[in-house]
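Colleague: Handing you a structure now.
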2 protein chains.
Amino acid sequence: MIINSTDNSRVKLWSKLKQKKYRDEYHLFVVEEKHLIEEAIAAGMLDTLIIRDGCDNPFDREAVYVSEAIMKKLSNNVSLNECIGICRIPENSAIKGTSFIILEQLQDPGNVGTIIRTACSFGYDAVLLSRDCASPYSYKTIQASQGAVFQIPVIVDDIEKLIAEVRSLGCTVYATTLDTDCFLSDVKVPDRYALLFGNEGQGLSEKAVKLSDCSVKIEMARFESLNVAIAMGICAYRFKH
Amino acid sequence: MIINSTDNSRVKLWSKLKQKKYRDEYHLFVVEEKHLIEEAIAAGMLDTLIIRDGCDNPFDREAVYVSEAIMKKLSNNVSLNECIGICRIPENSAIKGTSFIILEQLQDPGNVGTIIRTACSFGYDAVLLSRDCASPYSYKTIQASQGAVFQIPVIVDDIEKLIAEVRSLGCTVYATTLDTDCFLSDVKVPDRYALLFGNEGQGLSEKAVKLSDCSVKIEMARFESLNVAIAMGICAYRFKH
């Protein structure tokens, strides 16, 4: 099938997926690199493969062919894509496992994507996001996650509910905050745990800290400031090794 | 003094500072936030304070006032600045200390800035950059460094020379690479050391690995992929704690 009109109803729907509200409505998102489409296929999350007319289809999948104008309309990438994938956002599944990352109100999609990538690399069982976090399915987040969003469960829900669920699984919940005397290197790591990280500027809310079992901070020499994705990387590593 | 013409010779010079070659030529760079200007003043690196005409001067410093059009011309920031600072790039000083971060060919200014910020937080003595790294004095790097560039020496030179200099200070040089059997958690940290990180896609060059004393990798569960600023954060923390 070839689509040439930017007024085509499917093209109109796909182009709306740049906006979070339409991703949420249709449970779909866009990926724009060949290796990410491969990961989407492997994860069973690819809905529609779209190829620019005249380009080869490098996948063993049926594709919809579109004009250059449509490909540009669907893309965030500055260079012209040969292919993009429309992927399904999975339904929230039951939270399972023994180690989790929880994010509250993170605003930067690069940070959210990088944290998903890091959590995946260290074998965490899921990344849990409060509803006011940057979307895990935006272009910038997907790029920063480098496809990890296809390899580790990512669940968006109310922060109270997320914390309650991991506690019901027996996890000790560690709030990361500067306002504590407990240093990361002193933590005796339990069998089951969740690490909680807050907003880039304000950190965690009081509510989230209260719902946690204990607080922890990364010891620093000076400056008292780390990017939240860096702080997460350090804690995520320390708890696993 | 008030400048209203965008053709003014100083305005023309300042507006060129968005480009690396002119920053290198004039040894000047621009910072665009009040707290960063404060840090530049504290570090003795502020050359010229520029205030938008009609705005208050919040600093105890003489300022040059400029029109809105000029402020827009000088800024990278999407919102209109009230003040910006033209800062001096310090001359390369002698490398001093016992712990260093060395970067080879890092391309992303966000990564370079984040690494400078993290190195500063953990009390490293300097960040040393190969000449083909993203500039430490671009808008994006300065933003990501959150002012750390005013608090820790940042030195740009040939990679061979940088490695030779820290070795002459008695440092063991650790190359971070996936191609090694030495895990980060097994390292017995020496008194003096330098940690070497390479390009986002290719990692370290063979040359840089050969010039190092040993190689080290971060143990991972799967996916074998970490953002370089995350990898640096984890190693930087581990060597200090």
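Colleague: Rounding to the nearest 20 debye, state how big the charge dipole of the protein assembly as shown is about its Cα centre with +1 on each Lys and Arg Cβ and -1 on each Asp and Glu Cβ.
Modeller: I would put it at about 320 debye.
Colleague: Placing the label point 7 Å from Cα along the Cα-to-Cβ direction, what are the distances from B:Lys72 to the equivalent spots in the other copies, shortest first, in nm to one decimal?
Modeller: Sorted ascending, the copy-to-copy spacings read 2.6 nm.
Colleague: For B:Lys161, go 7 angstrom from Cα along the Cα-to-Cβ vector, then report the distances to that same point in the other copies in nm, smallest first.
Modeller: Copy-to-copy label distances for B:Lys161: 5.9 nm.
Colleague: Take the alpha carbon gyration tensor of the range B:99-240, find the square roots of its eigenvalues, order them as a ≥ b ≥ c, and report rounded if a/c is under 1.5; if not, report prolate when a/b exceeds b/c, else oblate.
Modeller: rounded
Colleague: For chain A, what is the convex hull (Cα atoms) projected area averaged across all directions, in square nanometres?
Modeller: On the way: hull surface 55.5 nm².
That works out to 13.9 nm², a quarter of the Cα hull's surface.
Colleague: With a 1.4 Å probe, what is the total accessible area buried between chains B and A, in Å² rounded to the nearest 100? Write down the numbers at each step before the final one.
Modeller: Working: alone 11890 and 11890 Å², together 21210 Å².
The buried area between B and A, both sides summed, comes to about 2600 Å².
Colleague: Using the structure shown, list the pairs from A:Lys240/B:Lys20; A:Lys217/B:Lys20; B:Lys34/B:Lys73; B:Lys12/B:Lys140; A:Lys207/A:Lys240; A:Lys217/B:Lys34 with a Cα-Cα distance above 30 Å, or answer none. Present the calculation step by step, with values, prior to reporting the outcome.
Modeller: Details: A:Lys240/B:Lys20 41 Å; A:Lys217/B:Lys20 37 Å; B:Lys34/B:Lys73 18 Å; B:Lys12/B:Lys140 21 Å; A:Lys207/A:Lys240 27 Å; A:Lys217/B:Lys34 28 Å.
Check vs 30 Å cut-off fails for A:Lys240/B:Lys20; A:Lys217/B:Lys20.
Colleague: Still on this model: Quick one: putting +1 on the C-beta of Lys and Arg, -1 on the C-beta of Asp and Glu, what dipole do you get for chain A around its Cα centre, in Debye to the nearest 20? Kindly include the intermediate steps, with their values, before the conclusion.
Modeller: Numbers: 27 positive and 32 negative charges, 37 e Å.
Rounded to the nearest 20 debye, it is 180 debye.
Colleague: Provide an ascending nm list, one decimal, of label-point separations from B:Asp47 to the equivalent residue in each further copy; define each label point as 7 Å from Cα along Cα→Cβ.
Modeller: In nanometres, ordered from closest: 5.3.
Colleague: Considering only DSSP beta bridges where both residues belong to the range A:2-88, give the percentage that are antiparallel (nearest 5). Let's see the in-between values first.
Modeller: Numbers: 9 of 15 bridges.
Antiparallel: roughly 60 percent of the beta bridges in the range A:2-88.
Colleague: What does the charge add up to near B:Met45, with Lys and Arg as +1, Asp and Glu as -1, over the other residues with Cβ less than 15 Å from its Cβ?
Modeller: Values: positive: B:Arg23, B:Arg61, B:Arg88; negative: B:Glu32, B:Glu33, B:Glu38, B:Glu39, B:Asp47, B:Glu91.
Its environment carries a net charge of -3.
Colleague: Let me ask something else. Net charge near A:Arg238, counting Lys/Arg +1 and Asp/Glu -1 over other residues with Cβ under 13 Å of its Cβ? Provide the component values of the computation, followed by the final result.
Modeller: On the way: positive: A:Lys188, A:Lys217, A:Lys240, B:Arg238, B:Lys240; negative: A:Asp186, A:Glu219, B:Glu219.
Residues close to A:Arg238 contribute a combined charge of +2.
Colleague: Specify which residue in the list B:Tyr124, B:Gly203, B:Thr177 is farthest towards the positive end of the charge dipole of the range B:99-240, using unit charges on the beta carbon of Lys, Arg (+1) and Asp, Glu (-1), about the Cα centre.
Modeller: So the residue furthest toward the plus end is B:Tyr124.
Colleague: Contact order normalised by length for chain B, with contacts defined as Cα pairs under 8 Å and 6 or more residues apart; what percent is it? Don't skip to the end; give the middle numbers.
Modeller: Numbers: 448 pairs, mean separation 43.9, N = 241.
Relative contact order here is 18 percent.
Colleague: With every protein chain kept in place and ligands, DNA and RNA left out, what is the accessible area per residue of the protein assembly as shown? Probe 1.4 Å, answer in Å². Walk me through the intermediate numbers first.
Modeller: Values: 21210 Å² over 482 residues.
Using a 1.4 Å probe on heavy atoms only, each residue of the protein assembly as shown averages 44 Å².
Colleague: In the range B:197-241, which residues give up 50 Å² or more of accessible area once the other protein chains are added, compared with their chain alone (1.4 Å probe)?
Modeller: B:Glu219, B:Arg222, B:Phe223, B:Ile230, B:Ile234, B:Tyr237
Colleague: Of the heavy-atom accessible surface of chain B (probe 1.4 angstrom), what whole percent is carbon and sulfur? Kindly include the intermediate steps, with their values, before the conclusion.
Modeller: Working: 4770 of 10610 Å².
Summing carbon and sulfur atoms, their accessible area is 45 percent of the total for chain B.
Colleague: Something else now. I want the local charge near A:Arg131. Using Cβ-Cβ distances under 12 Å, sum +1 for each Lys or Arg and -1 for each Asp or Glu among the other residues. All intermediate terms of the calculation are to be shown ahead of the outcome.
Modeller: Numbers: positive: A:Lys20, A:Lys161; negative: A:Asp24, A:Glu104, A:Asp132, A:Asp157, A:Asp158, A:Glu160.
It works out to a net charge of -4.
Colleague: Just list whichever of B:Lys21/B:Lys161; B:Lys18/B:Lys210; A:Lys96/A:Lys210; B:Lys96/B:Lys188 have alpha carbons separated by over 25 Å in the model shown.
Modeller: B:Lys18/B:Lys210
The values are calculated or read from the model by the stated rules, or taken from the named source; none is laboratory data. Here the structure is a predicted model, which is why all the values come from computation and not from measurement. All Cβ positions, even for glycine, are placed from backbone atoms using ideal geometry, and neighbour counts span all protein chains on display. When the accessible area is computed, the model is the full protein with side chains, heavy atoms only, and any ligands, DNA or RNA have been set aside. Shrake-Rupley method; radii C 1.70, N 1.55, O 1.52, S 1.80 Å.
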